[in-house]
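Structure record follows, encoded as structure tokens.
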Amino acid sequence: MMAQTPNNASHKNTPAAPAEHTEADLPLIDVWSRTHPKYRIRATVLLAVNVLLFAGVGSFAYWLRSGEWFAPSTVGYWDQLMHTFGGVGRADVSLSSLLLDPINVQDVPMQIPILGLLMAALISIPILVAILYRFWSSLPFIAVVGFLAVMPWLAVTLLGSCIIASVRPFQSKFRFVSALAGLVPAVIYFLLAWSGSTEMIVGKIDPVDRIKFVAPWVLAIVAAAIAFALVLTIARIVDYRPGAITPLLALMFGLPVAMFEANIGRDELYYRLLASLAEAHFTDVNAAQAWQQAARQKWERYPAPKPSWEAVQQLEAEKWLFELATDLTPFQSELTRHQADITSRCDWFVQHFPESRYVLNALFIKARTLDTRVDTMAFRRSKWIRFYDDFPSETSRDAWQLIFDNAHGTPIDAVASLRLAQLDARAGHVERALSRLARVATATLAVSHGKELDEGTAAAGALTKALARGAAEESLGISMERVTIETGQLHGLITDNRDPIYGYEPLTGHNRNVTGPAFGLLDLDTRHERY
């Protein structure tokens, strides 16, 4: 008994063995769990590589909207960023505006998978980095989305996604579940983006085509889930060593770029940007409010007794008309700058993309830009600043001639033939003008026949038809009915007014045996202020 006492005492004084930790209490293994310098250096280098690759993804996302590769270097970058960040609920800065401008998915359906894969990369990579590299490592990727892709609200959404996926108590020991939980805020973001674009879509397109505006976001969510599964499986196989994300990130960056280059092309983007800029420069403007404000300010500056309000309004209207009609006023100077800007961009496009399907379109935009004038009579009637381009200028002849020589049997051919006929008739080449008008009729018949063929084969190859792009000139919005009416008017004016003695001289003003400039009826612009 005495011999056992020390043993008993010793047993009583021995501290109890610590309780074993459950699997849920153990920290999850990640890339930084290995403290050996070799692994730390490898993890740091691969993380830097991932950031650079992801910066390429963000830059590509911004390029698809602007044609600029590096957002911070663009003029007005911070204003644009704040405009996007503050534009909650506005359709023009919603995510779905990416589907409409500059490349509309209705016109270029192949943009759907490209945008879907691109958005999948933008939302999945930061979440995967947060899971495998810990939350703080995802912050550079979130910054890329906000500042390089210029999607600040998506960046805020991804911040919440990464917290849910990698920070306790939200983090799950099953990493795929954590990734799917982190995907929920992105799904909500896509739903809000769709709701912000309904006013731009509903009522303007066929209900069947609305699927095209949902498909990119569905594809992005599905592709992100697949990326989660692949990367997390690879990471588990390699026991969470560095390098699981890099191959898939390279693939998710390279695949949309390769698809865009192979199926759409850079010329598509730069042409759409050119067309959008030309439309913005020469869109009709309602100047009634500005004109009234200017007149009110002028009337209030007069001392008592003030002149009549109607007299001040009339004076201000005459001032605006003078500025609209005179070449040296600020408004006309702005119009001239816009014309020079668009024509130089058209020349740049033709030079850099000589094989593009949009070369003739660029020449068409250039010619119309050179023909653009301000309708001062419309301002006098309605206080709207309107533009017109159906009274061609001699400066546009070369562009119209290039179109005439290379386009046959298309709407753009009909417009070029009509404008050249107008220029030729004013120059005294009436017979040549009549032959060009005959070509307008031929082009109109060819366009009508082409539409009948398209309707006859609409049922064949539904998938091919769904992914095919329309004719290049469709983006120009040419009204063949208007072209036909103008052609008939010019043809009737020429053929019905040949004088038996003076011939076409009253119309053209040429062949007159007088010195000095000669003018005919065709030289008069009916919408000019001095008509």
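The values are calculated or read from the model by the stated rules, or taken from the named source; none is laboratory data. Values in this document were obtained by computation on a predicted structure and should not be read as measured data. We place every Cβ from the backbone using ideal geometry, glycine too, and count neighbours over all the protein chains shown. Calculation scope for accessible area: heavy atoms of the full protein, side chains included, ligands and nucleic acids excluded. Shrake-Rupley method; radii C 1.70, N 1.55, O 1.52, S 1.80 Å.
For this structure, a couple of remarks:
- Per-residue surface analysis assigns Lys173 an accessible area of about 100 Å², computed on protein heavy atoms at 1.4 Å probe radius.
- Amide proton proximity set for Thr410, modelled H, under 5 Å, gap of 5+: none
- Packing-based ranking, highest mean first, of 263-276, 415-428, 346-359 given that Cβ atoms within 10 Å are counted: 415-428, 263-276, 346-359
- Surrounding net charge for Asn50, when Lys and Arg each add one and Asp and Glu each subtract one, Cβ distance under 14 Å: +2
- In a fully extended conformation the segment linking Glu394 and Ile234 would gain 50.9 nm over its present Cα-Cα distance, using 0.36 nm per residue.
- Each residue of the stretch 341-346 is assigned a 3J(HN,Hα), and the resulting list reads 5, 5, 5, 5, 5, 5 Hz, derived from the Karplus form 6.51 cos²θ - 1.76 cosθ + 1.60 (θ = phi - 60°), x at Gly and Pro.
- Residues whose amide H lies under 5 Å from that of Asp375, counting only those 5 or more places away or on a different chain, are Arg386, Phe387, Tyr388; hydrogens are built 1.01 Å from N in the peptide plane.
- Scoring 522-530, 125-133, 109-117 by mean Cβ neighbours within 10 Å over their residues and listing the highest first yields 125-133, 109-117, 522-530.
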